[in-house]
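*Asks:* Take this structure first; my questions come after.
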Amino acid sequence: MWRTPGRACVSYEAQCVRSNESVAAASLDDVGRHSDCRSDNANLRWMLIRLVEETGRHADTVRELLDGAKGYY
């Protein structure tokens with residue numbers, strides 16, 4: 001686990017690079033397969049949309065923890 005915000009940011013940035021490389025090598029219509037996932041029809045387009053939604057939710061939560069203002073969710 002990360003012990004400092006700086007280490008968390010470094011890890012996040014490294015994962016972003018890895019993710020960007022994977023996305024660049026694929027088509028938006030490619031279907032993902034993973035042994036832990038029951039869905040067999042989740043294409044990259046769907047996964048990226050969910051990723052943007054989840055990232056927004058987490059960013060809003062962090063912002064709310066920092067300034068106390070309630071966000072959209």
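The values are calculated or read from the model by the stated rules, or taken from the named source; none is laboratory data. Not measured: the values here are computed from a predicted model. Cβ coordinates were reconstructed from backbone atoms using ideal geometry, including for glycine residues, and neighbour counts include every protein chain displayed.
*Asks:* Residues of region 1-26 being more than 19 Å from residue 45 (Cβ to Cβ), aliphatic (A, V, I, L, M) and outside any helix (DSSP H, G or I), which ones?
*Replies:* Within region 1-26, 1 is the sole residue that qualifies.
*Asks:* Kindly indicate which of 51, 28 is under 22 Å from residue 9 (Cβ atoms) and either out of contact with any Phe, Trp or Tyr (no Cβ under 8 Å at 6 or more places or on another chain) or small (Gly, Ala, Ser) (or both).
*Replies:* 51
*Asks:* When the residues of region 31-56 are narrowed to those that are at pLDDT 85 or above and of a type in the set (A, V, I, L, M, F, W, C), which ends up farthest from the chain's Cα centre (by Cα)?
*Replies:* 31
*Asks:* Something else about it: Residues being surrounded by fewer than 11 Cβ atoms within 10 Å (Cβ to Cβ) and touching an Asp or Glu at 6+ places or on another chain (Cβ under 7 Å): count how many of those fall in region 34-69.
*Replies:* Total satisfying the criteria: 0.
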